[in-house]
1. Looking at the range 165-201 only, could you name the residues that are in a helix (DSSP H, G or I) and touching an Asp or Glu at 6+ places or on another chain (Cβ under 8 Å)?
2. Condition first: in a loop (DSSP other than H, G, I, E, B), in contact with an Asp or Glu (Cβ under 9 Å, 6 or more places away or on another chain) and crowded, with 19+ Cβ neighbours inside 10 Å. Now tell me which residues in the range 61-97 satisfy that.
3. Determine which member of the set Arg197, Arg210 is at pLDDT below 95 and out of contact with any helix residue (DSSP H, G or I) (no Cβ under 9 Å at 6 or more places or on another chain).
4. Could you identify the single residue in Arg157, Arg162, Arg127 that is on the phi < 0 side of the Ramachandran plot, in a helix (DSSP H, G or I), without any contact (Cβ under 8 Å) to a residue 40 or more places away in the chain and under 21 Å from the mean Cα position of the chain (by Cα)?
5. Every residue in the range 21-37 that is surrounded by 10 or more Cβ atoms within 10 Å (Cβ to Cβ) and either of a type in the set (Asp, Glu) or not in a strand (DSSP E or B) (or both), please.
6. Are any residues in the range 1-31 among the aromatic types (Phe, Trp, Tyr), in contact with a Lys or Arg (Cβ under 6 Å, 6 or more places away or on another chain) and modelled with pLDDT under 95, and if so, which ones?
7. In the range 214-231, what residues are acidic (Asp, Glu), part of a strand (DSSP E or B) and crowded, with 18+ Cβ neighbours inside 10 Å?
8. Any idea which of Ala23, Ala78, Ala83, Ala10 is closer than 30 Å to Asp120 by Cβ and more than 19 Å from the chain's Cα centre (by Cα)?
Amino acid sequence: MTSSATPFIASDGVSKTYNPGRADEVRAVDSVTMHVDRGEVLVLEGPSGSGKTSLLSLLACMSRPTSGRITVDGRDVAKLAEAALTQERRRRFGFIFQQFHLIPDLPVIDNVLVPLYPVDIGLAEMRRRAHAALERLAMDGRASRKVRTLSGGEQQRVAIARALVNDPQVVVADEPTAHLDRRLAEELLVILEDIHRDGRTVVIATHDPRVFEHPIVDRILEMRDGRVVGERRS
């Protein structure tokens, strides 16, 4: 891990409230101040409903805070216009979801290309990047196969290739092992370790001890009821 005086990503007094002013109002993130160092593997750990996924989405520019400040590389992203926030998210972040969110009837290559639309590069370069991401994960030989014909492990690799195709600085993963057996979970962690070795920052939201007890992890923030209640080194 490489740390610096200015955190790569930081939240300052951030809260996120869903359905404000209604009977079903939920304060999912409650006045959280924290940071992520460049090159760090950080885990947000906590049970379902602890706020870890909501905080992850805020840090990765997927949603806006109700109050407080989010900075990425010193830039206050919470104040950006929607188009600029989208550009920041697409430029810096790659996403691995709990569900793979692949399009089953499209070929592998087309699924991997999705994060590159729309961009100001030609189709040939887009396809080169997609093939390179698939080759890294030993999936380029299945580029023309429809996703629905793949095994679970192969679909996982396609989802990771999609997360890497835009060469992100940060890979975020939301409960990435939730539906995986032991073998696939271990395979995922090996891949994440390889991604981190590139110098990328990795932020994971999970309640799975297979993840937060893994040697790849630098630091763990424990969340309960929307707040960070503890911090420890792995």
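1. Of everything in the range 165-201, just one residue is in a helix (DSSP H, G or I) and touching an Asp or Glu at 6+ places or on another chain (Cβ under 8 Å), namely Ala185.
2. Residue satisfying the conditions is Cys61 alone.
3. Result of the check over Arg197, Arg210: Arg197.
4. Details: Arg162 fails: without any contact (Cβ under 8 Å) to a residue 40 or more places away in the chain; Arg127 fails: under 21 Å from the mean Cα position of the chain (by Cα).
The unique qualifying residue is Arg157.
5. Taking the range 21-37 as the starting set, the residues that turn out to be surrounded by 10 or more Cβ atoms within 10 Å (Cβ to Cβ) are 25-37.
Correct list: Glu25, Asp30, Asp37.
6. The initial filter retains those residues of the range 1-31 that are among the aromatic types (Phe, Trp, Tyr), namely 8, 18.
With the extra rule that they be in contact with a Lys or Arg (Cβ under 6 Å, 6 or more places away or on another chain), the set shrinks to 8.
Listed by number, the list is empty, since nothing qualifies.
7. So the first thing to find is which residues in the range 214-231 are acidic (Asp, Glu), and the list is 218, 222, 225, 231.
So of that shortlist, the ones also part of a strand (DSSP E or B) come out as 222, 231.
Those that are acidic (Asp, Glu), part of a strand (DSSP E or B) and crowded, with 18+ Cβ neighbours inside 10 Å: none in the range 214-231.
8. On the way: Ala23 fails: closer than 30 Å to Asp120 by Cβ; Ala78 fails: more than 19 Å from the chain's Cα centre (by Cα); Ala10 fails: more than 19 Å from the chain's Cα centre (by Cα).
Step by step, each of Ala23, Ala78, Ala83, Ala10 is checked, and only Ala83 is closer than 30 Å to Asp120 by Cβ and more than 19 Å from the chain's Cα centre (by Cα).
The values are calculated or read from the model by the stated rules, or taken from the named source; none is laboratory data. Given the structure is predicted, the values throughout are model-derived calculations rather than measurements. Here the Cβ is made from the backbone with ideal geometry for all residues, glycine too, and neighbour counts use every protein chain on show.
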